[in-house]
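J.: To start, I am sharing the structure in question, which I have written as structure tokens.
The values are calculated or read from the model by the stated rules, or taken from the named source; none is laboratory data. Just so it is clear, the structure is predicted and the values come from calculations on it, not from any experiment. Heads up, the Cβs are rebuilt from the backbone with ideal geometry, glycines too, and the neighbour counts pull from every protein chain shown.
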Protein chains: 2
Amino acid sequence: MLEPVLINGEWRAASDAGTFNAYDPSTAETFPETFPVSSMEDVEAALDAGHEAVRRLRDIPPTAIADFLDAFGEGLLENRDQLVASAHAETGLPAEPRLNSVELPRTADQLHQAAAAVRDRSWVTATIDTATGIRSMFRPLEKPVAVFGPNNFPFAFNSVSGGDFAAAIAAGNPVIGKAHSSHPMTTKLLTEVAYAAVQTAGLPAAMVQLIYRLDHADGAAFAGHRKLGAIGFTGGRHGGLSLKGPADAAGIPVYLEMSSVNPVFVLPGALRARGEEIAEEFYGSCTLGVGQFCTNPGLVIVPTGPDGDVFVDAAKRLFADGDPGILLGPPGHIADSVATLEGAGAEVVVGGSVVEGGGFSFANTILTAPAGAFIADPEGLQTEAFGPVSLIIRAGGIEDMVAIAGALDGNLTGSIYSDPDGADEQEYGSLEPELRPHVGRLLNDKMPTGVAVSPAMNHGGPFPSTGHPGFTAVGMPAAIHRFAALHCYDNVAEHRLPVEIRDENPNGVMYRFIDRQWTRDDVA
Amino acid sequence: MLEPVLINGEWRAASDAGTFNAYDPSTAETFPETFPVSSMEDVEAALDAGHEAVRRLRDIPPTAIADFLDAFGEGLLENRDQLVASAHAETGLPAEPRLNSVELPRTADQLHQAAAAVRDRSWVTATIDTATGIRSMFRPLEKPVAVFGPNNFPFAFNSVSGGDFAAAIAAGNPVIGKAHSSHPMTTKLLTEVAYAAVQTAGLPAAMVQLIYRLDHADGAAFAGHRKLGAIGFTGGRHGGLSLKGPADAAGIPVYLEMSSVNPVFVLPGALRARGEEIAEEFYGSCTLGVGQFCTNPGLVIVPTGPDGDVFVDAAKRLFADGDPGILLGPPGHIADSVATLEGAGAEVVVGGSVVEGGGFSFANTILTAPAGAFIADPEGLQTEAFGPVSLIIRAGGIEDMVAIAGALDGNLTGSIYSDPDGADEQEYGSLEPELRPHVGRLLNDKMPTGVAVSPAMNHGGPFPSTGHPGFTAVGMPAAIHRFAALHCYDNVAEHRLPVEIRDENPNGVMYRFIDRQWTRDDVA
């Protein structure tokens, strides 16, 4: 039996364009459930239904959207056993603590934070200029948004429960989810929970729709479709760029979170003070989720000399001794990336190869290279290996570190470890200004893999880590702005304005920018 | 003698790639001053100098940038006679009131508003989450920004004095101005005034640089250059898209303000109450600046029947009786657009042809077409004619108007005129929701050509009027965000943070978003 897609509130057979089965990554066998590849017929139907939903949404207050987000968050917890079991089976990620005690509650919390932002309404940036009679605010795109989820977070970045989904819905847009092919059943179960919440909240049927897969040409046609409002994508660079081209050509905002090696610089004083401890943090961060995090520390810059050797030796022991985990999919791409790194002048010192056996696995791997090799081929040595793999560059001094920082591509994060008693202040002062423009989030004395859902978070960064340096994919309310249009009202009578920019503050808690002051007051 | 370019503080000969002369639009003769076409050698030199400026800016407080903007604004007024004379000669726009009493003071005011935003600093959206120790703010791109100015506002949108320039500088970025070829001397004079202010304020020499022209291939190479931080462009769709392609491919944010027909809907009650008066407003708006405004009302939708006939007849008289003005350049493109409109089913009822004589001129022109023609070919009948030309569509009823609104492309503005006593409320309620998503600024009972520099302004709109529906090109502080990167600091010690996100509010007036509250207080 072929699993159904969800279009306009109906679980129905997909238009006929092929099928696929997901893998059990612990055995490399396929699951029996068969999922459909959709054709443009499904895409067109979903877009048309999304437009109908947009029309209906005009008469629905934002509180109903908040109700949906809250109900969906609660639904995740109510259905956690089934969801966790499915996600564990499809991804090989541990049920405990990762899926059940970390990722699922985090996903529910993110939906509740989005709901709170919708109720508060400050995110709309209601701006009132009483001198000119001009008022503006962010409003929905009034077109459906497509969300393409990645393989590595079956809940927190899922196309129908993750950060892009929550942000696009919070902005008031219907979402068409494109499941990741590695966990279609989990995505289907999440969509069932989401759709129940759609009904509870009284939202239009097409508020949440689901397809599983498109061939390359149809994916491009979807991305550049004039009925599409925006795209949220998390995944690899190749996939992201294949959507970016057609979306850009059609003028469709496309938010991509693509690839990053997340450089970690360890300054000399930090090494002296606690080199082995930092090596343990590095090992823990690099093997978390079997290295399949967007913020995985894939590049570590450590001084040459005895303190650096102690760090590298400790890391080598930890990587060699640690059990390799189960990967989300076949490890060939990791082997390819390691080969590319070797071709660019790096040497494998631990691991480096596929682990043969029942499931998908790759040895915990460290490569090393001298600073000169990195400066000679920064592109080659920034090749992302999406797994438990990191490249350690040995830097002769702070000048090498500064040169490496200057040669970096855009990254989501960059970390600097320094001496807790201040011995590295001068080196920090040289390095930080060179590193800062290359990363979205700068960390001190901390590995990059934790991404808190905080209003101050930036899970973003310069191209090619994302498509635009001014937006974050995580953190409410900032992430919502990606999926909104700026609407200005010039000389429009009070009763015709959206309630958010009328004289009276409609909920008393929304901050508004009135005559250049942020306030919760009514217009005087 | 060949005029020099300004690169890294030096007025020097351009790299040798050809020359051009601007036209006197009142005579169609070329001016004697010869300007250079630059090659990539100039572009590379300007980008490298811009990067050096970025390094120096790290040690310069934002108050120096505000000082520059204020000094430049004052410099415009001090040099107004020379600037106005040059702009009048090169554009044919009237010295009074347009250039001297409207556009130049407005441009100075915009620079002062940008300066005030820089001093206030609220635009950086300093966000502090005390629970997680994460803090974020918008900061400069740390790469130079290219600004391509249009032909129609030699001051207010000039590449070295206009809104994009002011916003890019206010965000802390050096600007490389690409003059519009129709007014290179005015741009050179503005750059002299700007550079004097750069020196007064103690900013790096490459804060403001100027080239005049690039051939098509070099323009594309500039737009996609990895050393470029962002692009601000105002002009035609063809030119904008020629930059958008390479910029998008390189992941460079590109803000385009391209083309718009700015639909004006006149509801039946408005026609009954003051049809002739609205016709006068329409005529004034459509011929302002000889119709060469981005917000020119190029499409007017008027009901069939006697009241509509009165409006159309009044408009025809006004357009036929009004003297055609001097255009910015040769009128061939307007004739082409009129021919395209005719080919798509419109009929010329006034004007329609080039005015022969000494200078560049095109007759004030009205075309008309029935609603059915528009619905049959909405793309053809939305062809922009950049001049004193407008297409009047006769709508059989509100259903026609709603259908026309639904078939609109993205526009900067949309206007609805309605009965002052409320007779059109029902029609307004049907039309507004269909029009709203297609326009950046919705006006009531007002023609679209005034664009106030207000914090609530949106001079932006859905593609293809601009490249992104979430940004405005006019209005401080919102316009500044286009040229900034979101920078997050995670676990970074207080003394290493930018002053804007330390515990103490550095100037006491900056609004910051601390634990989800907008406040001017220090962190508690």
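J.: Can you tell me which residue in region A:120-135 is surrounded by the most Cβ atoms within 10 Å (Cβ to Cβ), limited to those that are over 29 Å from A:Ile65 (Cα atoms) and of a type in the set (S, T, N, Q)?
T.: Restricting to residues being over 29 Å from A:Ile65 (Cα atoms) and of a type in the set (S, T, N, Q), the top hit is A:Thr132.
J.: Right, another one. Do we find a residue being assigned by TED's automatic domain parsing to the domain that holds B:Thr91, over 20 Å from B:Ala45 (Cα atoms), among the small types (Gly, Ala, Ser) and surrounded by 22 or more Cβ atoms within 10 Å (Cβ to Cβ) anywhere in region B:178-189?
T.: Taking every residue of region B:178-189 in turn, none turns out to be assigned by TED's automatic domain parsing to the domain that holds B:Thr91, over 20 Å from B:Ala45 (Cα atoms), among the small types (Gly, Ala, Ser) and surrounded by 22 or more Cβ atoms within 10 Å (Cβ to Cβ).
J.: For region B:419-432, indicate whether the set of residues that are in contact with a strand residue (DSSP E or B) (Cβ under 8 Å, 6 or more places away or on another chain), at the interface with another protein chain (Cβ under 9 Å from one of its Cβ atoms) and closer than 30 Å to B:Asp313 by Cβ is non-empty.
T.: yes
J.: Going by the structure shown, is B:Ser260 buried (at least 21 other Cβ atoms within 10 Å of the Cβ), polar (S, T, N, Q) and in a loop (DSSP other than H, G, I, E, B)?
T.: For B:Ser260, the condition - buried (at least 21 other Cβ atoms within 10 Å of the Cβ), polar (S, T, N, Q) and in a loop (DSSP other than H, G, I, E, B) - is met.
J.: Identify the residue in region A:506-524 that is in a strand (DSSP E or B) and either touching a helix residue (DSSP H, G or I) at 6+ places or on another chain (Cβ under 8 Å) or without any contact (Cβ under 8 Å) to a residue 60 or more places away in the chain (or both) and, among all such residues, is nearest to A:Thr125 (Cα to Cα).
T.: Filtering first and then ranking leaves A:Arg512.
J.: Select from region B:479-500 the residues that are touching a residue at least 40 places away in the same chain (Cβ under 8 Å), part of a helix (DSSP H, G or I) and of a type outside the set (Lys, Arg) and write down the one among them that is surrounded by the most Cβ atoms within 10 Å (Cβ to Cβ).
T.: B:Ala479
J.: Looking at region A:468-486 only, could you name the residues that are within 7 Å of chain B (Cβ to nearest Cβ) and over 12 Å from the mean Cα position of the chain (by Cα)?
T.: Correct list: A:His468, A:Pro469, A:Gly470, A:His481, A:Ala484, A:Ala485, A:Leu486.
J.: In region B:419-433, which residue that is in contact with a Lys or Arg (Cβ under 9 Å, 6 or more places away or on another chain) and in contact (Cβ under 8 Å) with a residue 12 or more places away in the chain is surrounded by the fewest Cβ atoms within 10 Å (Cβ to Cβ)?
T.: B:Pro420
J.: Considering each residue of region A:1-25, count those that are in contact with a Leu (Cβ under 7 Å, 6 or more places away or on another chain) and either assigned to a strand (DSSP E or B) or without any contact (Cβ under 8 Å) to a residue 60 or more places away in the chain (or both), and give that number.
T.: Final tally of qualifying residues: 4.
J.: Being surrounded by fewer than 23 Cβ atoms within 10 Å (Cβ to Cβ), closer than 23 Å to A:Phe463 by Cβ and either out of contact with any Cys (no Cβ under 9 Å at 6 or more places or on another chain) or touching a residue at least 60 places away in the same chain (Cβ under 8 Å) (or both) narrows it down to one of A:Ala369, A:Ala407, so name that one.
T.: A:Ala407
J.: Need the failing condition index for B:Lys446 against (1) more than 8 Å from every other protein chain (Cβ to nearest Cβ); (2) out of contact with any Gly (no Cβ under 8 Å at 6 or more places or on another chain); (3) assigned to a loop (DSSP other than H, G, I, E, B); (4) over 30 Å from B:Ile231 (Cα atoms), just the number.
T.: Condition not satisfied by B:Lys446: (1).
J.: For region A:466-494, enumerate the residues that are of a type outside the set (Phe, Trp, Tyr) and within 13 Å of A:Arg135 (Cβ to Cβ).
T.: A:Leu486, A:His487, A:Cys488, A:Asp490, A:Asn491, A:Val492, A:Ala493, A:Glu494
J.: Pairs, please: C-beta under 8 Å, at least 6 apart or cross-chain, first residue touching a residue at least 12 places away in the same chain (Cβ under 8 Å) and in region B:465-477, second among the aromatic types (Phe, Trp, Tyr)?
T.: Hits for this filter: B:Thr466/B:Tyr255; B:Gly467/B:Tyr255; B:His468/B:Tyr255; B:Pro469/B:Phe463; B:Phe471/B:Tyr255; B:Ala473/B:Tyr255; B:Met476/B:Trp123; B:Pro477/B:Trp123.
J.: Could you check, for region B:143-152, whether at least one of its residues is free of Cβ contacts under 8 Å to residues at least 40 places away in the same chain and under 25 Å from B:Pro330 (Cβ atoms)?
T.: No; the residues of region B:143-152 include none that is free of Cβ contacts under 8 Å to residues at least 40 places away in the same chain and under 25 Å from B:Pro330 (Cβ atoms).
J.: Also: Do the conditions hold for B:Thr413, that is, is it touching a His at 6+ places or on another chain (Cβ under 8 Å) and of a type in the set (Ser, Thr, Tyr)?
T.: no
Every residue, every condition in (1) buried (at least 23 other Cβ atoms within 10 Å of the Cβ); (2) closer than 17 Å to B:Ala395 by Cβ; (3) outside the structural domain of B:Ala373 (by TED's automatic domain parsing), yes or no:
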residue	(1), (2), (3)
B:Leu271	yes, yes, no
B:Gly275	yes, yes, no
B:Glu281	no, no, no
B:Val290	yes, no, no
B:Pro297	yes, yes, no
B:Leu327	yes, no, no
B:Gly332	no, no, no
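J.: Between a residue in region A:63-77 that is more than 18 Å from A:Glu500 (Cβ to Cβ) and any residue that is not in a helix (DSSP H, G or I), which pairs come within a Cβ distance under 7 Å, given they are 6 or more apart or on different chains?
T.: So the pair list comes out as A:Phe68/A:Leu203; A:Leu76/A:Ser161.
J.: Cβ-Cβ distance below 6 Å, separation of 6 or more or different chains: which pairs start in region B:303-331 with a residue that is under 20 Å from B:Asp424 (Cβ atoms) and end on one that is among the acidic types (Asp, Glu)?
T.: Sorted first by the residue in region B:303-331, then by its partner, the pairs are B:Ala314/B:Glu276.
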